[in-house]
Amino acid sequence: MNEKALNQVSWEKFSGMTPDERAPYFMEHGRTYHALVSQQFSRPILEDLCSLATCVRRIAKTREGSSFLQSRLFDKRAMLYFAQPSTRTYLSFDSACQTVGLDCMDVRDSSTSSEVKGESPEDTIRTFSSYTDLIIMRHPAGGFAERIAWMLSNTSRPVPVINAGSGKDQHPTQALLDIYTLERSFENIGGIDGKTVAFVGDLNRGRTARSLAGLLTKYDGVKIYFVAPPELQIGVDILAQLDAAKVPYEICHEFEQVIPDVDAIYMTRIQDEWDVDNESRLIDTSKFYFTKDHLSILKKDAVIMHPLPRRKEIDVAVDGDPRAVYWRQVRNGMWIRSALILSIFGLDDKVRGYCEENL
Ligand code: CP
């Protein structure tokens, strides 16, 4: 990929580009610098991140290994800026930072920052960049993390930005942990290539489904079903990306008919935090729940995924089935996010070297 400098392009031009066109602007010296949209990750980068995550997971099991990891980034600091609620993403990034020895500061609620005094979010985040070497941010405005990366690239202290969830559009590190979970689940049955994946639920406003669908275009022979009520179907922008990548897909409304055909089911909850007037209340989503009875028609090697949090869309009685991997996704998030941070700081080779020499 030919790298391009983010400070050499106007915001107007950059923001009009497709995610694939933006990808070269997020690389520096041959590696990921900003992590902002799922589509920026090429297949080789995905494979490297997954194998690095496995290295970190194995190294962290021993006391010597933990010490080795914790001394990697002892001189760096990260800012966790979460302007929207989070349990897993926040905690797994916090754990990932601790795993690689990165000190963390956080603002978890804009009402505790000087934004309440009228400071713009841009100035607030520019302030963070004065104290830290990495900004990990979740924000309700779509595209805002990219805007911040662009803005910082035009300052005297540019720092890498990781998008931990932006608006209804992107959750790239969730997509990374989902890919890592799929890789691990299918490692003995040919990997992700050739698999069929069903996305179920609120696909229109679900940034996790949108980001993972975009990332699946990097794999060969993948087929996708989008299963949702018409009001909550996947956006045409994602379908255009699948068309461009020649990924076959079907838009469906009958969940039960799809279950026996798929290798992975990606369940999502209704995203009613985006409702303007409680309009989700009027939509019957109960036909899109995965119940205990559905286990009998699911392939024996298939997996049931969910980014969590869940409501009723997966019966808790399903949790004990070995094909239910959503709690494994939660833990995988910590490993892949550790790998991403190490990679951004150019420490992949050192960590791989330790793995090869000691494990
Ligand atoms: N999957 C996910 O983003 O969960 P949180 O909102 O709890 O971070």
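The values are calculated or read from the model by the stated rules, or taken from the named source; none is laboratory data. These numbers were taken from a predicted model, which means no experiment stands behind them. Here the Cβ is made from the backbone with ideal geometry for all residues, glycine too, and neighbour counts use every protein chain on show. Surface areas here come from the heavy atoms of the whole protein model, side chains and all, with no ligands, DNA or RNA. Shrake-Rupley method; radii C 1.70, N 1.55, O 1.52, S 1.80 Å.
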When every residue in the stretch 287-299 that is open to solvent by 20 Å² or more (accessible area, probe 1.4 Å) and touching a residue at least 12 places away in the same chain (Cβ under 8 Å) is compared, the one farthest from Phe226 (Cα to Cα) is Lys292
For the stretch 80-95, does any single residue satisfy the condition of being without any contact (Cβ under 8 Å) to a residue 40 or more places away in the chain, assigned by TED's automatic domain parsing to the domain that holds Ser166 and closer than 25 Å to Met27 by Cβ? no
Checking Pro44, Pro24 in turn, the sole residue that is modelled with pLDDT of 95 or more, open to solvent by 40 Å² or more (accessible area, probe 1.4 Å) and outside any loop (DSSP other than H, G, I, E, B) turns out to be Pro44
Only unsatisfied item for Gly214, checking (1) at positive phi; (2) buried (at least 22 other Cβ atoms within 10 Å of the Cβ); (3) not aliphatic (A, V, I, L, M), is (1)
- Message: So for the stretch 267-284 (the condition being more than 28 Å from Ala141 (Cβ to Cβ) and more than 16 Å from the ligand (Cβ to nearest atom)), does at least one residue qualify?
- Response: yes
The residue that is nearest to the chain's Cα centre (by Cα), considering only those in the stretch 326-355 that are surrounded by fewer than 24 Cβ atoms within 10 Å (Cβ to Cβ) and of a type in the set (Val, Ile, Thr), is Val330
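The rows are residues; the columns are (1) open to solvent by 20 Å² or more (accessible area, probe 1.4 Å); (2) touching an Asp or Glu at 6+ places or on another chain (Cβ under 7 Å).
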residue: Arg147; (1), (2): yes, no
residue: Pro158; (1), (2): yes, no
residue: Thr173; (1), (2): no, no
residue: Ile179; (1), (2): no, no
residue: Glu183; (1), (2): yes, no
residue: Val200; (1), (2): no, no
residue: Arg205; (1), (2): yes, no
residue: Arg210; (1), (2): yes, yes
residue: Tyr219; (1), (2): no, yes
Any chance the stretch 99-112 includes a residue that's surrounded by fewer than 18 Cβ atoms within 10 Å (Cβ to Cβ), more than 22 Å from Ser38 (Cβ to Cβ), without any contact (Cβ under 8 Å) to a residue 12 or more places away in the chain and in the same structural domain as Met79 (by TED's automatic domain parsing)? yes
Kindly evaluate Ile192 against the criterion of being out of contact with any Gly (no Cβ under 7 Å at 6 or more places or on another chain) and either free of Cβ contacts under 8 Å to residues at least 24 places away in the same chain or over 16 Å from Ala83 (Cβ atoms) (or both).
yes
Okay, helices (runs of 4 or more DSSP H) sitting entirely in the stretch 53-133 with 3 or more residues that are small (Gly, Ala, Ser) and within 16 Å of the ligand (Cβ to nearest atom), I get 88-99
Restricting attention to the stretch 152-182, the residues that are assigned to a loop (DSSP other than H, G, I, E, B), within 14 Å of the ligand (Cβ to nearest atom) and in contact with a Ser or Thr (Cβ under 6 Å, 6 or more places away or on another chain) number exactly 1
Across the stretch 31-73, the tally of residues that are among the basic types (Lys, Arg) and within 23 Å of the chain's Cα centre (by Cα) stands at 4
Verdict on Ala198 being touching a helix residue (DSSP H, G or I) at 6+ places or on another chain (Cβ under 6 Å) and away from the ligand (no atom under 16 Å from the Cβ): yes
Heads up, the helices (runs of 4 or more DSSP H) in the stretch 198-285 (entirely inside) with at least 3 residues that are modelled with pLDDT of 95 or more and in contact with a Phe, Trp or Tyr (Cβ under 9 Å, 6 or more places away or on another chain) are 207-216, 236-244
